[in-house]
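K.L.:
Got a structure for you, written out below as structure tokens; questions coming shortly.
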Amino acid sequence: QGRKIRLGYVSPQTGPLAGFAESDAYNIARFLATDAGRNFDVIVKDSQSNPTRAAEVAKDLIISDGIDLMLVASTPENTNPVATTCEAEGVPCISTKAPWQPWFIGQQGNPGNPESWRPFDFAFHYFWGLEDVIAVFTNMWAQLGTNRQVGGLFPNDADGNAWGDPDNGLRPGLAAAGFTLSDPGRYQNLSDDFTAQINAFRAADAQIVTGVVIPPDFTTFWNQSRQQGFRPKAVTVAKALLFPQSVETLGEAGHNLSSEVWWSPNHPFASSLTGQDARALAEDFTRETGRPWTQPIGFIHSLFEIAADVMGRVDAPEDADKVAAAIAATRLDTMVGRIAWDGAGVPPFAAQNVCKTPLVGGQWRRQADGGFDLVIVDNQTAPAIPAGGTMEALA
Amino acid sequence: MIWLDTIAQGILLGGLYALFATGLSLVFGIMRLVNLAHGDLIVLAAYLILLVVTLLGLSPWLAVLVAAPVMFGLGWMLQRWVLNRVLGPDILPPLLVTFGLSIALQNALLEGFSADSRRIPNPALEGASVAVGPLNLGVMPLLTFGSAVAVILVLNRIIYATPLGRAFRATSDDPVTAGLMGIDPRRIFALATGLAMVVVTIAALYLGTRANFDPAIGPARLIYAFQAVIIGGLGSLWGTLIGGVILGVAQTTGAALNPEWQILAGHIAFLAVLLIRPRGLFPRAND
Amino acid sequence: MTPTHWRMTTLTRAGLVTGGLALALIVLGLVLPAFASRKLIQDLFYILTMLTLAQLWNLLAGYGGLVSVGQQAFVGIGAYALFGGVILAGMDPLLALLLGGLAALVLAVPMAFFAFRLHGAYFAIGTWVMAEVARLSIAQWKALGGGTGTSLPRDATSGMKVLDWIGALFGVRAAAARDILAYWLALMLAVAVIGGIYWLLRNRLGLGLIAVRDNIEAARSVGVDVRRMKWAVFLLASAATGVTGALIFLQTARISPDAAFALTDWTAYVIFIVVIGGIGTIEGPILGVLVFFALRSLLADYGSWYLLTLGVIAIVVMLFAPRGLWGLISDRTGVQLFPVRRWLHGPGVGEETSR
Amino acid sequence: MILELESVSKSYGALKVTDAVSLQVPRGQALGIIGPNGAGKSTLFNLITGNVLPDAGRIGFLGRDVTGLPAMARVRMGVGRSFQIPQPFEGLTVFENLLTAASFGGAGAPRDQMAQDCAEILRRTGMLPRANRLAGSLSLLDRKRLELARAMATAPELLLLDEIAGGLTEAECRSLVDTIREIHAGGTTIIWIEHVLHALNSVVERLAVLDFGRLIGVGAPEEIMASREVREIYLGIDI
Amino acid sequence: MLLQTCGLHAGYDRFKALFGVDIAVEPGECVAIIGANGAGKSTLMRAISGVLRSAPDMVLHRGVPIGHLPAPQVMQRGIAMVPEGRRLFPSLSVEENLLIGAQMRRGTGPWALESVYELFPILRERRASPGTALSGGQQQMVAIGRALMSNPDLLLCDEISLGLAPVVIRDIYAALPRIRATGAAVVVVEQDITQALTVADRVYCLMEGRVTLTGRPGDLSRAAIHDAYFGGHA
Ligand SMILES: Nc1ncnc2c1ncn2[C@@H]1O[C@H](COP(=O)(O)OP(=O)(O)OP(=O)(O)O)[C@@H](O)[C@H]1O
Ligand SMILES: Nc1ncnc2c1ncn2[C@@H]1O[C@H](COP(=O)(O)OP(=O)(O)OP(=O)(O)O)[C@@H](O)[C@H]1O
Ligand SMILES: [Mg+2]
Ligand SMILES: [Mg+2]
């Protein structure tokens, strides 16, 4: 046909989640410049890191911009309202960059009652899940000699509730791997004091700390830990240690903190759109923007790869059902690995809507110049991704 | 032992809250101005310090000396040109203006510094601690508390033992009659806000070294500051310190019971104090 | 005995014109979905719900002198009551809207009991803190997702009978039918709230409110029960705010404590609308919401510049038009679209009037 | 007795403004109160109306103990008052001022009747021509008239008037006196604080003198005016 | 001419309280303003002292237009006011209340802490107590002392006898000659006509915001004052 395919994209360009959206403009510009990209219009809306606003702009994209496919990324606070809106409106949606449990379970009416959970017709998600993070974390910790006591920091937000859930969260998986989790309870984001948690960890003799913590809270926690003489052997937390900028703010104290790694320039993947490999993409980004690479770059890139692939396979982009079917039928090697909603590794209730991407573990190593390098220290879960070192205990 | 630690840490946390609140207390006490932008001004000051640290390579402690006069000037101009014009018996106009200022500041900072979370580097002291009996107390929290006490001592000295302080109190009592004494209330208010901004700069130093900050982090600090001021009672700076300590201890004890109750416990302590003493613990006799 | 030759009237020509216009607008509003785009319906939904919130806050602050910064508590509790009713108790969403109002009313009682002990700035901050307490408490409600929040199941909302009817009437899909239903509800709510406030103001309560606002001591001395007046206004506004909150989140279909109890969205913007438009008038919030929406539509894509502009406008209006835009207009023209003045006519009554 | 005060006292800080005042007012009487500036006259009114609560003593109205009752309840029982410093509702018109008083403090007549009654009061107080003016734009004189009119609109059994004749011209004063006489003739009990003694004395049947919060004399006007104490206190203001 | 008002209009918001008031005060003179409650006496004082602003040349001080100046600048030109109701600062002690009067003064003059304490010795004893803990008369002394501390050439006194016992009033008025002895002109607002006629060189009577009578005490008949006070013709 003559008309261009319209992609809606909701991302937190401003507000506290803006770090996740840092590479949006770059990636979209690069996408539109490709051959496939010429067939597309991308309409970007800023959710301002606000879930209500995310739902509003999603609806706006659907209603006034008449988009054919919705793309969304970056934390459940952003993906869930958009996916819910698309599902209600019957518009296909591809989502990423949120562990699948908070995405899938978090959109259910009553998350506490698995009987009531329903699959989605139009909302699709690809990322890893808590089982992956459990495997990666425990593998990393197993490299160190510890007493296998783990302290958990889980806030009362979408991620924290999913990770901290006693039945579907980290606890059972850690237990299966021989680790004991001590979880003092959900705290509110932006708490100014973690004495209670530190005391609880100390009482449980925890030598490992894990959790999913926003950067300011992690800084507070880590400073207080050191001040109060709590010295774990490993600190492996998600979110807070995602971006080099936030690790750099820790200075010396950032050395050897560890985190999950979902994408890096060392990942042995290449783009189906541009043919670039991961390193080339990261370097191009740094050249273009002058900023260091971050994990979201690969995933944002992959969103547009999948969009191009899916829309290339449908003859009527405005037919939502056909597009949804095409998404479900995706089999594509992308910048973040193979994407196929074939239910591999996903429990039956979510098999229809969730596809998993590989996850490994990394550790931040402080460089002589004060910068930090993310070294992959455990790849047992995805051996194809090369490891650059082994896990080191914190000083 | 754990309880002792919980309370000690709560008191130190209270020092931080008191520092956030002291500037607010000054402004609220002297001109009954509810400054919704106070939290954002603290963040602004933190960025200013960070800027000085990175551009001039100064230590954060020296950077405060550079940032404080700038903040004083900013506060002075803000009061002189904007806030003075909306002060009055009606609390709404200043409420709306400072709310406008708050979102304008947040977004200007976002444009200027991006949403990255930053930190004022302070490698020498941030992990340091001293053992006090069975407790390990962080050097920075102790310094924070000490600074809160020092700031209040100095401010009280200014307020109760200098002609400027006399003018502050007189203007606060009755700006019209103060005018008859040759005191220009607008000038006094501008000075007071400038002074408050100096305190804000000091608070910003501790905010910025304690945890990361980003442009959006201000409002979360504002509510604690208000609570500390109100618990303490209008116009009493020591009251503000005690208010901060009550908040801090309530939060740490609440968290020790269950982290879910940490912030809730602070709010409930605030409401409980107000329920018993609607004008705070140490209100001024004449209000 | 005194002959009954004096008359009291309240309507002016402008008022009659407004009345006619309002009626026409309401009718137009009702049939609008037949030919309007979904986009317009959705925008109108937003405008109408914000207008309702603004009118209610104006009733509180502009007439009752209660400058609350905690209205998000009622929006949030109303919305959560709706979700709880629908998800946990399987209620019909429309019925659950009323549950939202009821929940807000129940919350308002202790809140008023407490807040009425405070004055001025203390009242404002007290209500804010209480709203925070409500937010943090709801965030502990695990059955509705705790801090994560939750989504309305699709079958719960699309199962409503009315939707089929609306869908058939306008020949639209279920999603669009839901929009239309929500829009109609918002329209009715806005009309009911504005009409109700107008009715209150033209009644005894209106006189009493203005009397209290002008001179509390004198008001007491002519028998006005100041306390009861405040209670009445607070409870009324809270319940209606709760229903509005429930409606807003019924439409969004997704809730979280941070969204439902957002100070900025449900109180700060509302204050902005009222004060920019002109506090203490019915016209003010209407004008204010239009300005607010225009700004939002024009600038929303500029991200932080939008909010920056909003902040600067708030400051500028307060500095140069402290009685709001409607204040500027009515000072110049003397027009009142919602006349509440009671005019006396008859022999011996002077023609001299003043604005 | 419509009003009974039993050793009512009130202090502001160290200043005793009302000092054990006991006073009884029979139904239908017109009582004048005189006394120098700051003697506590207005405060006595505030105590009777409930705008200020006494530190000690008892206040009875229509046989009921109203000591702790709030002002608005007393208005509804029939205590109407004017303020010495006029306190109009500035955002309302003159007519609406009365309407407010009638609908909250009045006898609860239907709406139309209420409008009639208010208009009638406006006519009697000469405010009819200003009925539709905003009270905030009135001159001082009209504000004082409005005070009287608004007090009457609450349909009081006991009407308290605080210096409403000050600053009137002779002719205005006479018409005011006529109005008050008329109200009095209608059976309303009146207590009137006034410095303009000739006006006061042409209406009241009894005169009370306050000085430093103490009631130093109550009696027939001629008697009081003739007493040495009063002459001393009033030395200066010629009668 | 020390002070002159020319067709002074002033009021509050929509309410006008003064309609073209003309008064004049010569250096060193004592002028009394009398009038009934609400006649506008206090409003006149506020307009002169700059609390209420008017058109520049409605108020002239030594021939300079000052109607538009705010209170602090008027005060710095040498016009001090003892406001109605005394208006002491409750947060300040007696001595601080006095000191604050001097804080912004220009130049020097006869009045300082010592001389004020000499004028009102009781204040020296109470110097440390909060202003509001004093009796009404003592408070009035503080208010006068506070105004004197700026060494004004014109002192405006609004109802300094209000609510005070006659013996206290006598004490306060006893200070007046000593104040005038330093060369300052004084304007007293008084409701007590006898008192006013005793102290003043000249009297203005205000009614309804207008000057209805003016003259020297000796030249004014009781009847004329009565008329000017209450209006009409007795
Ligand atoms: N709220 C108050 N707080 C402190 N003092 C007060 C208060 N109200 C009145 N006073 C004081 O009480 C005294 C008596 O006041 P009041 O108004 O009753 O006198 P009055 O007899 O009505 O005088 P006037 O003839 O001037 O009206 C005055 O000295 C006044 O200053
Ligand atoms: N702040 C104000 N706002 C509005 N009106 C006022 C204000 N102050 C005084 N007025 C009014 O202005 C008029 C003149 O008041 P002013 O205080 O000048 O009288 P005064 O002669 O000093 O009387 P008094 O003897 O009672 O002190 C009065 O009607 C008064 O009600
Ligand atoms: Mg009086
Ligand atoms: Mg006066």
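The values are calculated or read from the model by the stated rules, or taken from the named source; none is laboratory data. Keep in mind the model is a prediction, meaning the values are calculated, not measured. Heads up, the Cβs are rebuilt from the backbone with ideal geometry, glycines too, and the neighbour counts pull from every protein chain shown. SASA here: full protein model, heavy atoms, side chains in, ligands and nucleic acids out. Shrake-Rupley method; radii C 1.70, N 1.55, O 1.52, S 1.80 Å.
K.L.:
Would you check which residues across the range D:65-85 are of a type outside the set (A, V, I, L, M) and surrounded by fewer than 24 Cβ atoms within 10 Å (Cβ to Cβ) and list them?
P.N.:
Of everything in the range D:65-85, those that are of a type outside the set (A, V, I, L, M) and surrounded by fewer than 24 Cβ atoms within 10 Å (Cβ to Cβ) turn out to be D:Asp65, D:Thr67, D:Gly68, D:Pro70, D:Arg76, D:Gly78, D:Gln84.
K.L.:
A follow-up question, please. Could we say that C:Phe116 is open to solvent by 20 Å² or more (accessible area, probe 1.4 Å) and either within 30 Å of C:Arg202 (Cβ to Cβ) or within 7 Å of another protein chain (Cβ to nearest Cβ) (or both) here?
P.N.:
The answer is yes for C:Phe116.
K.L.:
Next up: Being more than 14 Å from chain D (Cβ to nearest Cβ) and either away from ligand 4 (no atom under 16 Å from the Cβ) or among the basic types (Lys, Arg) (or both) is the filter here, so list the residues in the range E:10-30 that pass it.
P.N.:
Matches in the range E:10-30: E:Gly20, E:Asp22, E:Ala24, E:Val25, E:Glu26, E:Pro27, E:Gly28, E:Glu29, E:Cys30.
K.L.:
A further question on this structure: From the list C:Leu337, C:Leu287, C:Leu299, which one is open to solvent by 10 Å² or more (accessible area, probe 1.4 Å) and at pLDDT 90 or above?
P.N.:
Selected residue: C:Leu287, the only one of C:Leu337, C:Leu287, C:Leu299 that is open to solvent by 10 Å² or more (accessible area, probe 1.4 Å) and at pLDDT 90 or above.
K.L.:
Are there helices (runs of 4 or more DSSP H) fully within the range A:69-153 with at least 1 residues that are among the acidic types (Asp, Glu)? List them.
P.N.:
A:76-89, A:130-142
K.L.:
Can you name every residue in the range E:184-210 that is within 16 Å of ligand 1 (Cβ to nearest atom), assigned to a strand (DSSP E or B) and charged (D, E, K, R)?
P.N.:
Hit for the range E:184-210 is E:Glu190, nothing else.
K.L.:
Continuing with this model, one more query. If A:Glu318 meets every condition in (1) in contact (Cβ under 8 Å) with a residue 24 or more places away in the chain; (2) open to solvent by 10 Å² or more (accessible area, probe 1.4 Å); (3) closer than 30 Å to A:Gly371 by Cβ apart from one, which number is that one?
P.N.:
Of (1) in contact (Cβ under 8 Å) with a residue 24 or more places away in the chain; (2) open to solvent by 10 Å² or more (accessible area, probe 1.4 Å); (3) closer than 30 Å to A:Gly371 by Cβ, only one is false for A:Glu318: (3).
K.L.:
How many residues does the range D:115-154 contain that are among the acidic types (Asp, Glu) and either within 7 Å of chain C (Cβ to nearest Cβ) or without any contact (Cβ under 8 Å) to a residue 12 or more places away in the chain (or both)?
P.N.:
Result for the range D:115-154: 1.
K.L.:
If you go through the range A:1-32 one residue at a time, how many are more than 14 Å from chain B (Cβ to nearest Cβ) and closer than 13 Å to A:Thr75 by Cβ?
P.N.:
Result for the range A:1-32: 1.
K.L.:
Can you pull out the residues in the range A:160-185 that are open to solvent by 10 Å² or more (accessible area, probe 1.4 Å) and in a helix (DSSP H, G or I)?
P.N.:
If the condition is that a residue be open to solvent by 10 Å² or more (accessible area, probe 1.4 Å) and in a helix (DSSP H, G or I), then A:Asn161, A:Ala162, A:Arg171, A:Pro172, A:Gly173, A:Ala175, A:Ala176 are the ones that fit.
K.L.:
Can you list the helices (runs of 4 or more DSSP H) found entirely within the range E:1-108 that contain at least 3 residues being within 16 Å of ligand 2 (Cβ to nearest atom) and within 30 Å of D:Leu15 (Cα to Cα)?
P.N.:
Fully inside the range E:1-108 and qualifying: E:41-49.
K.L.:
For the range D:21-43, how many residues are more than 16 Å from ligand 4 (Cβ to nearest atom) and not in a strand (DSSP E or B)?
P.N.:
So the answer is 9.
K.L.:
To continue, here is another question. Return the residue satisfying two criteria in turn: it lies in the range D:15-46 and is within 12 Å of the chain's Cα centre (by Cα) and within 13 Å of ligand 3 (Cβ to nearest atom), and of such residues it is farthest from C:Val226 (Cα to Cα).
P.N.:
Ranking the qualifying residues of the range D:15-46, first place goes to D:Ile33.
K.L.:
For the range C:148-162: of the residues being open to solvent by 10 Å² or more (accessible area, probe 1.4 Å) and part of a helix (DSSP H, G or I), which is nearest to the other protein chains (Cβ to nearest Cβ)?
P.N.:
The qualifying residue nearest to the other protein chains (Cβ to nearest Cβ) is C:Thr148.
K.L.:
Next up: May I ask you to list pairs of residues, at least six apart or on different chains, whose Cβ atoms are under 7 Å apart, with the first in the range E:178-195 being in contact (Cβ under 8 Å) with a residue 60 or more places away in the chain and open to solvent by 10 Å² or more (accessible area, probe 1.4 Å) and the second being away from ligand 2 (no atom under 16 Å from the Cβ) and in a strand (DSSP E or B)?
P.N.:
As it stands, the answer is E:Arg180/E:Cys30; E:Arg180/E:Val186, since those pairs meet every condition given.
K.L.:
Kindly list the number of the only condition in (1) touching a residue at least 12 places away in the same chain (Cβ under 8 Å); (2) in contact with a Pro (Cβ under 9 Å, 6 or more places away or on another chain) that fails for B:Leu41.
P.N.:
(2)
K.L.:
Of a type in the set (Val, Ile, Thr), within 14 Å of another protein chain (Cβ to nearest Cβ) and more than 9 Å from ligand 1 (Cβ to nearest atom): does that describe D:Ile48?
P.N.:
So D:Ile48 passes the test.
K.L.:
Got at least one residue in the range E:155-167 being open to solvent by 20 Å² or more (accessible area, probe 1.4 Å) and among the acidic types (Asp, Glu)?
P.N.:
no
K.L.:
Being crowded, with 20+ Cβ neighbours inside 10 Å, within 15 Å of ligand 1 (Cβ to nearest atom) and over 18 Å from D:Ser82 (Cβ atoms) is true for just one of D:Leu15, D:Leu5. Which residue is that?
P.N.:
D:Leu5
K.L.:
Looking at C:Leu32, C:Leu28 in this structure, which one is open to solvent by less than 40 Å² (accessible area, probe 1.4 Å), over 30 Å from C:Arg342 (Cα atoms), out of contact with any helix residue (DSSP H, G or I) (no Cβ under 6 Å at 6 or more places or on another chain) and in a helix (DSSP H, G or I)?
P.N.:
Answer to the check: C:Leu32.
K.L.:
Something else now. Mind checking which residues of the range B:245-277 are over 18 Å from C:Val133 (Cα atoms) and either touching a Gly at 6+ places or on another chain (Cβ under 8 Å) or charged (D, E, K, R) (or both)?
P.N.:
B:Val245, B:Arg277
This table checks each residue for (1) within 30 Å of A:Ser23 (Cα to Cα); (2) surrounded by fewer than 19 Cβ atoms within 10 Å (Cβ to Cβ); (3) within 8 Å of chain C (Cβ to nearest Cβ).
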| residue | (1), (2), (3) |
| --- | --- |
| B:Trp81 | no, yes, no |
| B:Arg85 | no, yes, yes |
| B:Asp90 | no, yes, no |
| B:Pro93 | no, no, yes |
| B:Leu96 | no, no, yes |
| B:Ala104 | yes, no, yes |
| B:Leu110 | yes, no, yes |
| B:Phe113 | yes, yes, no |
| B:Ile120 | yes, no, no |
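K.L.:
Only one of these conditions is not met by C:Gly223: (1) open to solvent by 10 Å² or more (accessible area, probe 1.4 Å); (2) of a type outside the set (Lys, Arg); (3) within 14 Å of chain D (Cβ to nearest Cβ). Which number is it?
P.N.:
Looking at each condition in turn, C:Gly223 falls short on (1).
K.L.:
Then there's this: Which ones in the range C:66-83 are part of a helix (DSSP H, G or I) and open to solvent by 10 Å² or more (accessible area, probe 1.4 Å)?
P.N.:
Scanning the range C:66-83 gives C:Ile77, C:Ala81.
K.L.:
Also, quick follow-up: What number of residues within the range E:39-82 satisfy the criterion of being within 16 Å of ligand 1 (Cβ to nearest atom) and surrounded by fewer than 23 Cβ atoms within 10 Å (Cβ to Cβ)?
P.N.:
1
K.L.:
To continue, here is another question. Do the conditions hold for A:Ile208, that is, is it more than 18 Å from A:Gly254 (Cβ to Cβ), of a type in the set (A, V, I, L, M), open to solvent by less than 10 Å² (accessible area, probe 1.4 Å) and more than 7 Å from chain B (Cβ to nearest Cβ)?
P.N.:
no
K.L.:
Among residues belonging to the range D:19-64 that are β-branched (Val, Ile, Thr) and either within 16 Å of ligand 2 (Cβ to nearest atom) or closer than 20 Å to C:Gly223 by Cβ (or both), point out the one that is surrounded by the fewest Cβ atoms within 10 Å (Cβ to Cβ).
P.N.:
Among them, the one singled out is D:Val52.
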